[in-house]
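Here is the structure we will look at.
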Amino acid sequence: MYLDTINKMAFSQEHKDLLLKLYNKEISRREYDRLVEALFHPVRKEGI
């Protein structure tokens, strides 16, 4: 049942993998937040 919910929530395959890791307690919520931030909001280069 949870897999259907995760499939609906996921933006991409990478995001789905992170959600599964979070659900299975392989990563913490803080680590999940940091990885999602890095995945969807890459660091901008200065001066551009």
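Whose amide H sits under 5 Å from the amide H of residue 27, counting only residues 5 or more places off or on another chain, with H placed in the peptide plane?
Amide H neighbours of residue 27, under 5 Å, 5+ apart: 22.
Taking only Cα atoms, what is the 0 to 90° angle, nearest 10, from helix 13-23's long axis to the longest principal axis of the chain?
Once rounded, one gets 60 degrees.
Looking only at GluC sites (Glu not before Pro) in DSSP loops with at most 16 other Cβ atoms within 10 Å, what is the longest site-free stretch of the chain?
The segment 1-25 is the longest one with no such site.
In the P(r) worked out for the chain, what percent of Cα pairs fall beyond 18 Å? Could you put the intermediate results ahead of the total?
Details: 393 of 1128 pairs.
Tail of the P(r) past 18 Å holds 35 percent of the pairs.
Coordinate-derived values only; no laboratory data. Keep in mind it's a predicted model, so treat the numbers as computed, not measured. When we count neighbours, we look across all protein chains shown, and the Cβ atoms used for this are built from the backbone with ideal geometry, even at glycine.
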